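Novice: Sharing a structure with you now.
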Amino acid sequence: MAWAAAGGAALLAAAAVALIWANLAPAAYASFWATEVAGHPFSAVVNDGLMAIFFLLIGLEMKRELTVGELADRRAAALPVAAALAGMLLPAGIFLAIAGGTPAAAGWGIPMATDVAFALAVLAALRARVPPALWAFLLGVAVIDDIGAIIVIAVAYPDGIRAGWLAAAMAALIAFGVLARRRVRGAVPFILLGTTAWAFTALSGINATIAGVAVGLLIPAALPGQPAGTAPLARTVRVVHPWSSFVILPVFALANAGIVFRSGAMDADGALAALLGASLGLLAGKALGVPLGAWLAIRTGLGRMPTGAGWGQMIGIGLIAGTGFTVSLFITDLAFDDASLQDAARIGVLAGSVVAAIAGALVLLASGRARTPRPGEPARG
């Protein structure tokens, strides 16, 4: 998980640079991201183009977890699935309870997702205090969160679906899947078909990053007679991970975390609701929803407590799951056209994520100390 800690640090550094740049030189910041590249603002190229590679990685992580990871075993998967579902529904409900009836209501999807890079970076800093099973649990929760976020992006924030282009995108994806199943070698056909699917998806009115997820899910996790480490999925992850963690996500943070703090920023109709809905949805919604979902799964016998973990640590994991930076900012951009609502929601995402990460770390530290056994005494779950 070293990549997660380093990637989370790079993301945090880029967000800090964006905040400083936007507030010291707001005109220069706005002008830079408005620069046209191939007829589109640079910010749109980042959000709609480069982020497709990040979502490709999400698709790859989903495929790996569903085939050979924690989610491959139904009983093991029940716990993160239940925790993630409650950890998505409760934040969305909190957002709507605060922002319902205001122009900010469309942002209900903002607090639903967990930023896996930030979350795992926090756990990496507490490695000695966190049972290994909790790493797998959090990763499973994050993968299910990502699936939920993809569904929300596709269903709740389309730009008028155009069936012809959508059918063309599906045809490109089907062709991609056929080549993958026939074990066609060479990256060029897959890159061409993946790019075509992305372009047609953009033209269909569905957010083009969905194509990245679909491509990731179509890449084979393993081939008969081939070692797992050399399978297409593993090779693609090794190529995409560093680009996503150290180039694409930091650039995304630079483009989207540059909030200008100015007086009267909360005066716009719905701005305060967007800020509170995003921050409290991430902080309280995840902190309550994740352990609640886990408790229900364990109580009904569908799941079991991660080895070596206790409820204090599960609450800590729920708080850390409230670091919703990347996908939350992405949904913010889709949900609102009003710049004031976007800035308010971004402030809420940043505040909620930072407080959730710090609170989660403190809870895990405290629960770790409380659960340290005396010499000769076995640890209890």
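Derivation of every value follows stated rules applied to the coordinates shown; laboratory data play no part. Fair warning: this is a prediction, and the values are worked out from it, not measured in the lab. Counting neighbours? That spans all protein chains shown, and the Cβs are built from the backbone with ideal geometry, glycine included.
Novice: Ordered by residue, what ³J(HN,Hα) values in Hz, to whole numbers, does region 203-208 give under the Karplus form 6.51 cos²θ - 1.76 cosθ + 1.60, where θ = phi - 60° and Gly and Pro are x?
Specialist: Each residue of region 203-208 in turn: 6, 6, x, 7, 4, 5 Hz.
Novice: Which value results for Rg/Rh of region 105-186 when Rg is the Cα radius of gyration and Rh the Kirkwood radius based on the inverse mean 1/r?
Specialist: That ratio is 1.14, to two decimals.
Novice: Between Rg and the Kirkwood Rh of region 178-279, both from Cα atoms, what is the Rg to Rh ratio?
Specialist: Here Rg/Rh amounts to 1.16.
Novice: Then there's this: Calculated FRET efficiency, residue 238 and residue 175, Cβ-Cβ r, R0 41 Å, to nearest 0.05?
Specialist: 0.95
Novice: Most exposed first by the Cβ proxy, i.e. fewest other Cβ within 10 Å, how do 65, 36 rank?
Specialist: Lowest to highest Cβ neighbour count: 36, 65.
Novice: Right, next: Sort the following peptides by mean Cβ neighbour count (other Cβ atoms within 10 Å, averaged over residues), highest first: 14-26, 50-62.
Specialist: The densest-packed peptide leads the list: 50-62, 14-26.
Novice: Using only the alpha carbon atoms of region 40-98, find the Kirkwood hydrodynamic radius as the inverse mean reciprocal pair distance, in angstroms to one decimal.
Specialist: 14.0 Å
Novice: Right, something else. Report the calculated FRET efficiency for residue 222 and residue 266 (r = Cβ-Cβ distance, R0 = 35 Å), to the nearest 0.05.
Specialist: The value I calculate is 0.10.
Novice: Continuing with the same structure: Going highest first, how would you order 266-275, 37-46 by mean Cβ packing within 10 Å?
Specialist: Result, highest mean first: 266-275, 37-46.
Novice: While we're on this one: So if R0 is 35 Å, what FRET efficiency would residue 44 and residue 97 give, r being the distance between their Cβ atoms, rounded to the nearest 0.05?
Specialist: 0.60
Novice: Around residue 328, what is the net charge, scoring Lys/Arg as +1 and Asp/Glu as -1 over all other residues with Cβ under 15 Å from its Cβ?
Specialist: Value of the local net charge: -3.
Novice: Scan around residue 324 for amide H atoms under 5 Å from its own, H built in the peptide plane at 1.01 Å from N, and keep only partners 5 or more places away or cross-chain.
Specialist: Hits under the 5 Å cutoff: 115, 353.
Novice: Run the Debye formula on the Cα coordinates of region 75-133, all scatterers equal and no solvent, and tell me log10 I(q)/I(0) at q = 0.17 1/Å.
Specialist: -0.74
Novice: Now, a different point. State the Cα centre-to-centre distance between region 96-112 and region 26-48 in whole Å.
Specialist: 27 Å
Novice: Oh, and also: Taking 4 °C and 1.567 mPa s as the conditions, I'd like the Stokes-Einstein D for region 12-72 in µm²/s, using the Kirkwood hydrodynamic radius from alpha carbon pairs.
Specialist: Estimated diffusion coefficient is 92 µm²/s.
Novice: For residue 192 and residue 299 in one chain, what is 0.36 nm times their gap in residues minus the Cα-Cα distance, to one decimal in nm?
Specialist: 33.7 nm
Novice: To the nearest 500 deg cm²/dmol, what mean residue ellipticity at 222 nm is calculated for the chain from DSSP H runs of n ≥ 4 alone, each contributing -39,500 (n - 2.57), summed and divided by the residues?
Specialist: Per the formula, -22000 deg cm²/dmol.
Novice: Can I ask one more? In nm, to one decimal, how far is the modelled label at residue 337 from the one at residue 75, with both set 7 Å along Cα→Cβ?
Specialist: Calculated label separation equals 5.3 nm.
Novice: Could you pull the Rg and Dmax for the chain, using just the Cα atoms, both in Å?
Specialist: 20.7, 68
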